[in-house]
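Written below as structure tokens is the structure these notes are about.
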Amino acid sequence: MKKPPPVSTALDARLRLIVESHQRLTGRPLLQTPAQDELRDALWNAPRVIVAHGTEADPVFFYGNRQALDLFELGFAEFTRLPSRYSAEPLERGERERLLGEVAQQGYVDDYRGVRIASSGRRFVINAATVWNLMDEAGICHGQAATFTDWRYIEA
């Protein structure tokens with residue numbers, strides 16, 4: 001079983017931003033918004049993949065929940081050192097960049113479909129993903145996040 005991320009007030013603030021910006025932009029709750037002291041566990045154990053990256057020139061994941069780490073076959077420490085572009089194969093990265101540009105313009109995109117790759121090289125298709133900007137109340141973007149429940153492995 002994957003170990004959850006270490007307790008951190010900085011990460012807690014980012015987790016709250018994931019939940020609040022999803023609600024703000026899509027008009028739908030990501031999950032039943034728990035109290036701050038329950039948020040970490042609620043996201044970690046959510047019945048969906050949840051990932052988020054920052055705003056670096058080459059954005060790096062800062063969060064992946066238990067389901068995401070299982071799917072990408074990484075621990076939290078390894079996942080949070082991974083530039084998010086490496087979650088897609090080289091041939092898929094152009095499509096991924098197009099998607100992120102669309103999200104940056106519109107705030108969010110529903111029903112995204114794409115191919116991703118686990119650390120072992122195992123490929124999988126995600127369907128019906130929501131990708132959104134991590135926008136705070138002042139309108140400042142702190143990165144992007146994605147969530148999905150529908151995925152399947154691609155047979156080699």
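Coordinate-derived values only; no laboratory data. It should be emphasised that the depicted structure is a prediction, and the values quoted were computed from it without experimental measurement. Cβ sites come from the backbone with ideal geometry, for glycine too, and all protein chains shown count toward neighbours.
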Residue-ordered couplings for region 64-74, obtained by feeding phi - 60° into the Karplus form 6.51 cos²θ - 1.76 cosθ + 1.60 and rounding to whole Hz (Gly and Pro as x), are x, 7, 3, 5, 5, 5, 4, 5, 7, 6, 9
Across 10 Å bins beginning at 0, the whole-percent shares of Cα-Cα pair distances in region 9-153 come to 12, 46, 36, 6, 0
With -39,500 (n - 2.57) per DSSP H segment of 4 or more residues and division by the full residue count of the chain, the 222 nm estimate, nearest 500 deg cm²/dmol, is -10000 deg cm²/dmol
Taking a crude spin-label model, label points 7 Å out from Cα along the C-beta direction, the Gln32 to Leu11 distance in nm is 2.5 nm
Subtracting the Cα-Cα distance of Asp58 and Asp41 from 0.36 nm times their residue separation yields 3.3 nm
